[in-house]
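Read the structure below first, then the notes.
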Amino acid sequence: MRLGTLRGLDACASDKGTFSVLALDHRNNLRRALAPDDPDSVSYERMVAIKRSIVRAIAPVADGILLDPELGAGPAVHDGTLPAGCGLMVAVEESGYDGPATERTSRLMQGWGVGQIKRMGADAVKLLIYYHPDAANAEVQERLLIEVAEQCADLDIPLFLETLGYPIDPAMDKLTDEARRSVVIRTARRLTALGGDVYKCEFPYDASVTDKTRWAEACAELEEASAIPWVILSAGVDESTFEAQTLAACTAGASGVLVGRSVWKEAAHMEAPERDAWLADTGVARMRRLVDIVEAEGVPWRERSALAAEPEPSEGWTAGYPGYPG
């Protein structure tokens with residue numbers, strides 16, 4: 001039995017069992033957005049202040065929040081910015097990747113891991129895997145997923161698996177149209193069979209594809225491909241596009257969203273008074289609209305998870321539970 005995993009998933013979900021989670025684990029990419037010519041000039045203090053403002057405004061209307069440990073989770077837990085009723089997911093990977101752009105390798109943070117995330121009181125672990133099924137290092141990435149998934153199972157904490165696809169043709173900048181759909185679906189089919197409790201995936205099409213019939217077909221294919229409950233990430237698309245994508249995904253079987261920049265990206269460029277006012281108005285309104293869609297159309301995670309089908313504890317169950325001293 002993975003009772004801790006069940007409890008962690010419930011802690012990050014709504015009463016219905018869907019996920020309307022804010023993603024705020026951005027590090028190097030946020031620095032680049034703030035200072036494209038000199039990302040290293042963005043101070044630790046500025047990054048923490050931005051994240052505290054966003055957490056303070058949005059977390060009360062979200063089911064959970066995904067944070068990085070050093071800039072987000074640590075400060076937000078320490079000073080009480082993160083409300084007690086909001087689920088906490090913490091990233092285990094380092095920001096960015098190793099290797100060439102056509103063979104991206106995820107890396108775990110030095111001195112940080114599943115054990116530390118469990119110890120700090122988080123409800124879930126998040127692992128980002130850069131992946132293309134035909135990349136030369138695909139097997140390396142698969143082994144990393146299996147390793148982290150086993151650690152999460154051993155410590156009884158849920159794993160949210162996030163994947164980002166990329167082109168292996170050096171002449172291409174990014175995956176678009178049918179190439180993206182193919183990689184998203186193939187990745188879901190292969191990696192969700194290897195580990196993870198919830199799959200955080202890209203929408204099958206990039207924003208250049210607006211045909212809702214193609215959206216519905218691709219999301220239905222994704223629902224069939226994923227062995228675990230799935231949610232979609234926003235990838236920075238505008239809020240109206242992401243709301244429409246959310247509706248399409250949830251109608252097809254998704255259990256919700258882990259939404260980042262589509263909710264808060266403008267606020268990161270504002271100073272404190274203006275930022276706080278914008279988040280309290282526009283940021284909260286964007287998040288609430290997503291919550292409404294997910295609550296109305298999302299599929300509760302327990303309906304899609306094999307974990308929920310495990311036998312319930314019977315008399316004497318504690319004697320066989322891992323860690324029992326007897």
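At-a-glance table
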item: Helices (runs of 4 or more DSSP H) (entirely within the range 97-207) containing at least 3 residues that are farther than 19 Å from LEU9 by Cα and either within 15 Å of the chain's Cα centre (by Cα) or at pLDDT 95 or above (or both); result: 138-155, 177-191
item: All positions within the range 1-18 that are of a type in the set (Ser, Thr, Tyr) and either part of a helix (DSSP H, G or I) or under 17 Å from GLU266 (Cα atoms) (or both); result: THR5
item: Hits in the range 72-84 - residues which are touching a residue at least 40 places away in the same chain (Cβ under 8 Å) and either crowded, with 24+ Cβ neighbours inside 10 Å or closer than 13 Å to VAL21 by Cβ (or both); result: GLY72, ALA73
item: Boolean, MET89 is surrounded by fewer than 21 Cβ atoms within 10 Å (Cβ to Cβ) and closer than 17 Å to THR5 by Cα; result: no
item: Count of residues meeting criterion [surrounded by fewer than 24 Cβ atoms within 10 Å (Cβ to Cβ) and part of a loop (DSSP other than H, G, I, E, B)] in the range 19-69; result: 7
item: Subset of the range 72-96 (residues that are closer than 30 Å to ILE168 by Cβ and part of a strand (DSSP E or B)); result: MET89, ALA91, GLU93
item: The range 263-321: number of residues that are touching a helix residue (DSSP H, G or I) at 6+ places or on another chain (Cβ under 6 Å), in a loop (DSSP other than H, G, I, E, B) and β-branched (Val, Ile, Thr); result: 0
item: Residue check, VAL294 surrounded by 22 or more Cβ atoms within 10 Å (Cβ to Cβ) and modelled with pLDDT of 95 or more; result: yes
item: Residue in the range 207-217 that is of a type outside the set (Ser, Thr, Tyr), surrounded by 24 or more Cβ atoms within 10 Å (Cβ to Cβ) and in contact with a helix residue (DSSP H, G or I) (Cβ under 8 Å, 6 or more places away or on another chain) present; result: no
item: Search result, residues across the range 116-126 that are free of Cβ contacts under 8 Å to residues at least 40 places away in the same chain and surrounded by 14 or more Cβ atoms within 10 Å (Cβ to Cβ); result: LYS118, VAL125
item: Filter pass, LEU258 being among the aliphatic types (A, V, I, L, M), at pLDDT 95 or above, closer than 28 Å to ARG32 by Cβ and touching a strand residue (DSSP E or B) at 6+ places or on another chain (Cβ under 8 Å); result: yes
item: Pick from the range 218-236, criterion surrounded by fewer than 18 Cβ atoms within 10 Å (Cβ to Cβ) and closer than 22 Å to SER262 by Cα, ranking: modelled with the highest pLDDT; result: ALA235
item: Residue, farthest from the chain's Cα centre (by Cα), within the range 212-242, restricted to residues that are within 21 Å of LEU30 (Cα to Cα) and part of a helix (DSSP H, G or I); result: GLU239
item: Some residue of the range 133-148 being in contact (Cβ under 8 Å) with a residue 60 or more places away in the chain and either in contact with a Gly (Cβ under 7 Å, 6 or more places away or on another chain) or surrounded by 16 or more Cβ atoms within 10 Å (Cβ to Cβ) (or both); result: no
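The values are calculated or read from the model by the stated rules, or taken from the named source; none is laboratory data. None of these values were measured; they are calculated from a predicted model. Note that we place each Cβ from the backbone using ideal geometry, even for glycine, and neighbour counts take in every protein chain shown.
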